[in-house]
1. Filter segment 393-420 down to residues that are without any contact (Cβ under 8 Å) to a residue 60 or more places away in the chain and either closer than 23 Å to SER178 by Cβ or in a helix (DSSP H, G or I) (or both), then give me how many there are.
2. With the requirement that a residue be part of a helix (DSSP H, G or I) and touching an Asp or Glu at 6+ places or on another chain (Cβ under 7 Å), what does segment 152-193 give you?
3. With ILE70, ILE8, ILE30 as the choices, which residue is touching a Phe, Trp or Tyr at 6+ places or on another chain (Cβ under 9 Å) and open to solvent by less than 10 Å² (accessible area, probe 1.4 Å)?
4. Conditions: (1) at pLDDT below 95; (2) under 30 Å from GLU158 (Cβ atoms); (3) aliphatic (A, V, I, L, M). ALA97 meets all but one. Number of the miss?
5. Here is a list: ALA305, ALA385, ALA340. Which entry is in a helix (DSSP H, G or I), modelled with pLDDT of 95 or more and of a type outside the set (Val, Ile, Thr)?
6. Condition first: open to solvent by 10 Å² or more (accessible area, probe 1.4 Å) and either farther than 25 Å from LYS401 by Cβ or hydroxyl-bearing (Ser, Thr, Tyr) (or both). Now tell me which residues in segment 134-155 satisfy that.
7. Looking at this structure, is GLU331 in contact (Cβ under 8 Å) with a residue 60 or more places away in the chain and within 26 Å of VAL33 (Cβ to Cβ)?
8. I'd like the full set of residues that are closer than 18 Å to ALA354 by Cα, among the polar types (S, T, N, Q) and either open to solvent by 60 Å² or more (accessible area, probe 1.4 Å) or in contact with a helix residue (DSSP H, G or I) (Cβ under 7 Å, 6 or more places away or on another chain) (or both), limited to segment 379-399.
Amino acid sequence: MKANLVIINIGVLYTPIIKPPIRGKDMSHILEVENAFIAIKDGKIIDFGNQDYAKYISTETEIFDAKHCIAIPGLIDSHTHLVHAGSREDEYAKLRAGVPYLDILKSGGGILGTVNKTREASFEDLYKKGYNSLNEMMLYGVTTIEAKSGYGLDLLNEVKQLEVAKKINETHPVFIKSTYMGAHAAPKEYKDNKPGYINQIIEDMKYIKNHHLADAVDVFCETGVFSIEDTRKILKEAQQLDFSVKLHADEIDSLGGAGLGVELQATSVDHLMAISDEDIKKLSKSNTVANLLPGTSFYLNKGYAPARKMIDANCALSIAGDYNPGSCPTENFQFIMHLASNELKMNPKEILNATTINPAYHLGLSESKGTIDIGKDADIVLMDASNLNYLVYHFGVNHTKHVLINGKFVVFNRQIVRKK
C-alpha cells in the first residue's frame with residue numbers, strides 16, 4: 001500500500017501502548033521509537049516505526065521532513081466549556097481577596113453571570129468566540145475536545161449553545177464531542193424551585209436526544225448546586241435516554257460524587273479535589289476515569305486533586321483543561337500539562353497517557369484516536385523539543401510546531417494553515 005504522506009526524521013515518537021483505560025503503574029508505560037517515520041493514507045496511519053519506509057513511497061507520495069521534532073498523538077482536552085459569552089475578570093479581584101466561589105454564585109455572579117451574557121449573545125457571536133478559542137487550543141496541539149453546554153439553563157439557550165458547538169465541529173478541524181449540562185446551576189427563574197428545574201432538565205433531555213445535539217449528560221454535584229439525590233435522579237433519567245453520563249464531582253466539598261459516578265458507571269468523574277479515600281477505592285475498582293483539572297485549582301488558588309494517591313490506588317486518570325470564563329480562563333493546554341507535572345506530581349509518561357488515550361477512552365473515541373497506531377486517525381503533533389520530559393520542564397511557551405488532523409496539516413510552522 002502506498003502512502004499519501006510519509007513523515008520522516010522524527011527525533012522520537014512517543015505513544016501510549018496499553019489498552020485503555022490505563023491505570024495505576026501502567027500509566028508510566030509508553031512506546032518510544034527513535035528516528036521514526038509515520039506513513040499516512042486517506043487520513044489514517046498505515047504504519048510507523050524506524051524501519052525502511054521506502055515501500056510506502058510512490059511518485060504521488062508527499063515526504064515531510066520532521067527535522068527531529070518529537071511526535072505525539074493529538075492531545076485530547078476532555079472537559080471544556082467552549083461555547084459561552086463574555087468574561088469574568090470583574091470577579092478576579094473578589095477571588096484574590098478570598099471571597100468563596102459559592103458566595104459569588106449566590107450573589108448572582110459566577111455561572112449565573114455568564115448565563116445572562118450567553119442568553120443575550122447571538123448565535124454568530126457565540127460561534128466566532130468559540131471558533132477563535134478552538135484555534136488557540138489547536139495551536140497548542142489539541143486535536144479533539146469535549147464541549148459542555150450549561151450557560152443557557154433553559155431549553156432555548158442550551159440548544160443554542162449545542163447548535164453552536166455542532167456548527168463549529170462542522171467547520172473547524174478539531175473534533176468536538178458535545179455534552180448537555182443543563183444541570184450546571186439553577187437559573188434565577190427557578191431560584192426557589194429547584195425540583196421544578198430538575199423536572200424541566202429531564203424534559204429538555206428528550207429534545208436534546210431527539211435532535212442529536214449531545215452524546216452525554218453532566219451534572220454539577222456540589223454543595224448549594226445539585227445534591228447527590230438530585231444528581232442521581234437526573235443521570236438515571238439520562239441513562240434511560242441512552243446518554244452516557246459524567247459528573248462534576250467533589251470539587252469543593254466531599255459529597256461522594258465520585259462514588260455516585262462509579263455506582264452509575266459514569267464515563268468520568270471530574271475535578272475531585274475533595275475526593276474521599278473511600279471513593280478513591282471505589283474508582284480503583286471501576287472503569288470510570290478520574291478526570292483531573294489542575295488549571296482550576298491553579299486559578300482558584302485551591303488544593304489540587306490527589307493524583308499520586310489515585311495512581312497508587314490503581315485508578316485510571318485523565319487530565320483536562322476546563323477552559324471556562326470563571327475558574328480556568330486559558331486555552332493553553334500545555335500549561336495544564338505542566339501543572340499536572342508540577343502540582344499533581346505526575347511524570348511525563350503518565351501525563352501523555354492522561355492527555356491522549358485515557359480521555360479518548362472516556363469520550364468513547366479510543367478505537368480511532370488517542371494513539372499513534374495502525375488504523376487510527378492520523379491526529380499527530382510534532383513538537384519542537386528534544387524529548388518528552390522537555391515538554392513539561394520548559395513551561396509557559398508553546399512547543400507545537402506542526403499539527404495534523406486526519407492526515408492533513410492544520411498547523412504548519414506554528415501557523416494555522418487550513419480549515420476542515
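1. 1
2. Keep residues of segment 152-193 that are part of a helix (DSSP H, G or I), which gives 155-171, 188-190.
Those that are part of a helix (DSSP H, G or I) and touching an Asp or Glu at 6+ places or on another chain (Cβ under 7 Å): LEU155, GLU158.
3. Numbers: ILE8 fails: open to solvent by less than 10 Å² (accessible area, probe 1.4 Å); ILE30 fails: open to solvent by less than 10 Å² (accessible area, probe 1.4 Å).
Among ILE70, ILE8, ILE30, only ILE70 is touching a Phe, Trp or Tyr at 6+ places or on another chain (Cβ under 9 Å) and open to solvent by less than 10 Å² (accessible area, probe 1.4 Å).
4. The single condition ALA97 does not satisfy is (2).
5. Numbers: ALA305 fails: in a helix (DSSP H, G or I); ALA385 fails: in a helix (DSSP H, G or I).
Every option except ALA340 fails the conditions.
6. Going residue by residue through segment 134-155, those that are open to solvent by 10 Å² or more (accessible area, probe 1.4 Å) are 135-136, 139-140, 154-155.
Correct list: TYR140, ASP154, LEU155.
7. So GLU331 does not fit the description; no.
8. ASN389 - this is the single residue of segment 379-399 that is closer than 18 Å to ALA354 by Cα, among the polar types (S, T, N, Q) and either open to solvent by 60 Å² or more (accessible area, probe 1.4 Å) or in contact with a helix residue (DSSP H, G or I) (Cβ under 7 Å, 6 or more places away or on another chain) (or both).
The values are calculated or read from the model by the stated rules, or taken from the named source; none is laboratory data. For clarity, every value in this text was computed on a predicted model and none was experimentally measured. No Cβ is skipped: glycine too gets one built from the backbone with ideal geometry, and neighbour counts run over all protein chains shown. For accessibility, only protein heavy atoms count, side chains too; no ligands or nucleic acids. Shrake-Rupley method; radii C 1.70, N 1.55, O 1.52, S 1.80 Å.
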